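See below for the structure under consideration.
The values are calculated or read from the model by the stated rules, or taken from the named source; none is laboratory data. This structure is a prediction, so every number in the text was calculated from the model and none was measured. Cβ placement follows ideal geometry from the backbone for every residue including glycine, while neighbour counts extend to all protein chains displayed.
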Amino acid sequence: MNAHSPASPATSIAFSADGPLNGTVRVPGDKSISHRSLMLSALAVGESVVEGLLEGEDVLATAAAMRAMGADIARSDDGRWRIHGVGVGGLLQPQAALDMGNSGTSTRLLMGLVASHAITATFIGDASLSKRPMGRVTDPLGLMGAEFNASPGGRLPLMVRGICPAVPIEYRLPVASAQVKSAILLAGLNTPGITRVIEPVPTRDHSERMLRGFGAELSVEEDADGARIISIRGEAELKPQAIVVPGDPSSAGFPVVAALLVPGSSVTVENVGLNPTRAGLYEVLRAMGADISFANERIVGGEPVADLVVRHSTLTGIEVSSEIVPSMVDEFPILFVAAAMAQGRTVMRGLEELRVKESDRIAVMAEGLRAIGARVEELEDGLIVDGSDGEKLAGGATVKAHLDHRIAMSFAIAGLMSRQPVVIDDMAPVATSFPGFAEMLTSLGAHRRVVAID
Ligand code: S3P
């Protein structure tokens, strides 16, 4: 697969399984932790070393941007990444536009970093990223004093004019978004005084954990309503770190659901990060009757990690509580696939954020699932799925990935349980988060074939 080629018949792929999936696999490093490792290392004084970094296109976009702003970032032959940072406040003016590719996390977090430096940066991205809303970060960063020149609708291409010193703010998040929270905290790193983010609904806490690990003064309290109040003292000095990145629980969702669905399967996914703010999928699958056990539980780089031992299971539909959504916000496409083959009805609501991910994941999944014979009802904020009771779906359709890696991978897994092929028009986006996805699936016994489509 050539990840860089545009959509063409050569990248149209179908996956199938003619027997159980068996074996032990690993998934690449956690995407959220990988981005933050590079950004924080690039702001520390001295050499940080990162092991297990996700070498996907999204993270490489972050690396390229940090290099363009002065950091020295190199991959050693042993696979470790070595980063020499510029120090908080030391980012340099980039000489060209920062190309963020498909990566919303790179864009939003880096906008936070630029906002409190006296530099100007232009952010550009692919067609998917250029449709995504940026007002959610430009609003708070504007209150800190940064200026923005965005395309219509607050979208990319977008120019940020940072300011130093920026003004510390206290900001209550209007949407449950770790990206918005992190953008503000990262801007706060180089802002005098205390910058405070109030988070009514908890989201992934990697930024908090890692900022503390690098030596920033950061505290987390809870108010009377249970909201998290995160305070960071600016003008911090970050100390270089040795970081071990655990496997990505979002990527692990694909082999896990594959093993649950294909009869007779038994698969172990090793070294999966299970930070409670990320592990919602596994809780929901277990509530549906999934046989998933956590072996070899340990702490790696300050994050809980385990090997997931998964056996084919009869899944039963449930009503998924909307409170769990932030801890599995990226996992709904693959949960929809699991639900499509469960017994009975699965109801998922409170998913409005899915409409502004790499694609409109509610609409795109509903359309694709219907095309391959699943019974789904699209809601404004969710999806109702009536499962096939363990039967294969009809398949026999080509689905569009819409430049969305998780859509492409979800339909690859659906294809394993379809009577006719499920053809994915473009697998190239998978390289953003899961290089080696196809090889991982075939190592478990799945088949991959290239299909010519019109
Ligand atoms: C991410 C946060 C999530 C998630 C994205 C990665 C992060 O986005 O969808 O893939 O690393 O902070 P939101 O926080 O905007 O929901």
- Task: Identify, from the list Gly247, Gly253, Gly193, the residue that is in contact (Cβ under 8 Å) with a residue 24 or more places away in the chain, surrounded by fewer than 22 Cβ atoms within 10 Å (Cβ to Cβ) and small (Gly, Ala, Ser).
- Result: Gly193
- Message: For segment 113-137, give me the residue count where each residue is closer than 18 Å to Ser177 by Cβ and more than 18 Å from the chain's Cα centre (by Cα).
- Response: 4
- Residue pairs qualifying under the 8 Å Cβ cut-off, at least six apart or on distinct chains, with the first in segment 97-119 being within 13 Å of the ligand (Cβ to nearest atom) and the second being at pLDDT below 95, are none
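Quick grid of which residues meet (1) under 23 Å from Arg212 (Cα atoms); (2) buried (at least 18 other Cβ atoms within 10 Å of the Cβ); (3) not assigned by TED's automatic domain parsing to the domain that holds Arg172:
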residue	(1), (2), (3)
Met39	yes, yes, no
Ala42	yes, yes, no
Leu92	no, no, no
Met100	no, yes, no
Leu109	yes, yes, no
Gly112	yes, yes, no
Arg136	no, yes, no
Asp139	no, no, no
- Item | Total residues in segment 169-182, condition within 9 Å of the ligand (Cβ to nearest atom) and either among the acidic types (Asp, Glu) or within 16 Å of the chain's Cα centre (by Cα) (or both) | 7
- Only one of Val376, Val422 is buried (at least 18 other Cβ atoms within 10 Å of the Cβ), touching a strand residue (DSSP E or B) at 6+ places or on another chain (Cβ under 7 Å), of a type in the set (Val, Ile, Thr) and closer than 22 Å to Glu319 by Cα, namely Val376
- Go through segment 127-141 and give me each residue that's assigned to a loop (DSSP other than H, G, I, E, B) and over 19 Å from Ala187 (Cβ atoms). Ala127, Ser128, Arg132
- Query: Given Lys181, Lys131, which one is in the same structural domain as Ala64 (by TED's automatic domain parsing) and in contact with a strand residue (DSSP E or B) (Cβ under 6 Å, 6 or more places away or on another chain)?
  - Reply: Lys181
- Message: I need the full set of residues from segment 349-376 which are aliphatic (A, V, I, L, M) and within 16 Å of the ligand (Cβ to nearest atom), in order please.
- Response: Leu351, Leu354, Val356, Ile362, Val364, Met365
